[in-house]
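The block underneath contains the structure these notes are about, expressed in C-alpha cells.
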Amino acid sequence: MIITMTPDGGADVRIRAADGSRSDAELQGLSGQLVQAVFGRRPEVTVQAGDVYPLARAHVDGVFRPGPHPTFRFDGTALRAALVARGLPDMVLRLETPSVPERIRTDAGARRDGAAVEWQPLSGHPWAELRLRPRPGLWLIQMTVAVVCFGCLAAAFVMRDRIGISAGLAALAACGGGTVAVLALNVRTDDAGVAGLIGRNGLLPCALVPPLAFVAGVAALVVLAKNIRGRISAGRPPGRSH
C-alpha cells in the first residue's frame, strides 16, 4: 500500500495484492476497507491492470489543510486491525510526502527513505507525524523572474530592428531563464500547492513554467548572438570594388 500525499491537501492511494490471487472485485472491496481504516472514509476505488498484478487506486481529499506549516498525523492502528480481521498476514506500507522540506516523527518500527516512511512489515501501532515546511516566497520569486524572462524575450523579437535595445532585452531574458533554472533546483510547484497559493488545477500549468523559462533563456541567447553578429557586421567598412 502506497499513500502519496498531494500538494493540494489530498492523498493518492495505490494498493496491490502481492500474491495476485484476488479478483478485481475482491481487491476493490479490500482496498476500500483499508482506505477507510486510514482516513475514516471510503472513496471510489478503481482497479486496473498493473505490471504484474492488478492495482487498486483511490484519491482522498482533505487529508491535510494547505497553509504555511501544514501538519498530518498518520495512525495505522485501525489499518493493522483491518488486516487482522481479513486474515492478511502482512503488509508493506509506504507514506510519501510532497516535494517540500519536512520534519517527520515516527514509531520505532518505521524506516525513513528520503522524504518517505516505510513499514516492512506493518506491525504494532504504526504512526507518523509530518510537519511540512513549504517555501512560497522562493516560488513567487521564481514565477516573477519567469514572467520577466518571457516578457523580455517577446520584446526582443518585437524590437529586433533596433539591435541595441533588442540585444539588451535578450540578455535580460537569458539571465532570467538561467535564474529560474537555478531556483528550480531548490523550489518546486509543490511549495505553492502545500502553502495554499494554487489549487489542484494550477499545479500542472505552474510546473511547466520553469522548463519553458529555460527554453526561453536558450532562445534569448540565440537572439542575443544574432544581434551581436548583426552589430559587428553593421560596423564593418564596406569592401572595395575591383
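Read the figures in this text as sums done on the coordinates, not as results from a lab. If you're wondering where the values come from, they're calculated on a predicted model, not measured in any experiment. A quick note on method: Cβ atoms are made from the backbone with ideal geometry, for glycine too, and the neighbour counts reach across all protein chains shown.
The average projected area of the stretch 136-235, computed from the convex hull of its Cα atoms over all directions, is 6.2 nm².
Which angle between 0 and 90 degrees, to the nearest 10, do you get for helix 24-39 versus the longest principal axis of the chain when only C-alpha atoms count? The angle comes out near 80 degrees. Relative contact order, whole percent, for the stretch 136-235 stands at 39, derived from Cα pairs under 8 Å and 6 or more residues apart.
Using θ = phi - 60° in the Karplus curve 6.51 cos²θ - 1.76 cosθ + 1.60, the 3J(HN,Hα) couplings for the stretch 173-183 round to 5, 5, 4, x, x, x, 5, 4, 5, 5, 5 Hz; x is entered for Gly and Pro. Taking the C-alpha atoms only, the angle from helix 200-235 to the longest principal axis of the chain is near 20 degrees.
With a 10 Å Cβ neighbour count serving as the proxy for reagent exposure, in which order, fewest first, do MET91, MET159 appear?
Working: MET91 20, MET159 17.
Lowest count first: MET159, MET91.
When only Cα pairs below 8 angstrom with a gap of at least 6 residues are kept, the stretch 2-132 shows a relative contact order of 26 percent. DSSP beta bridges confined to the chain are antiparallel in about 90 percent of cases. Our estimate of slack between SER23 and TYR53, defined as 0.36 nm per intervening residue step minus the Cα-Cα distance, is 9.8 nm. Of the peptides 135-141, 30-36, the ranking by mean beta-carbon count within 10 Å, highest at the top, reads 30-36, 135-141. Sites listed here are trypsin sites (Lys or Arg not before Pro) in the stretch 35-136 whose DSSP assignment is loop and whose Cβ has at most 14 other Cβ atoms within 10 Å: ARG41, ARG86.
When shorter helices are ignored and each DSSP H run of at least 4 residues is given -39500 (n - 2.57), the per-residue value for the chain at 222 nm works out to -16000 deg cm²/dmol.
What the Cα convex hull of the stretch 1-101 gives, in volume per residue, is 103 Å³.
Rg over Rh for the chain works out to 1.22, both radii taken from alpha-carbon positions and Rh defined as the Kirkwood radius.
Between VAL145, VAL182, VAL13, the residue with the greatest mean-square fluctuation in the GNM of the chain (Cα pairs under 10 Å linked by springs) is VAL182.
Using the alpha carbons alone, the radius of gyration of the stretch 147-202 stands to its Kirkwood radius in an Rg to Rh ratio of 1.18.
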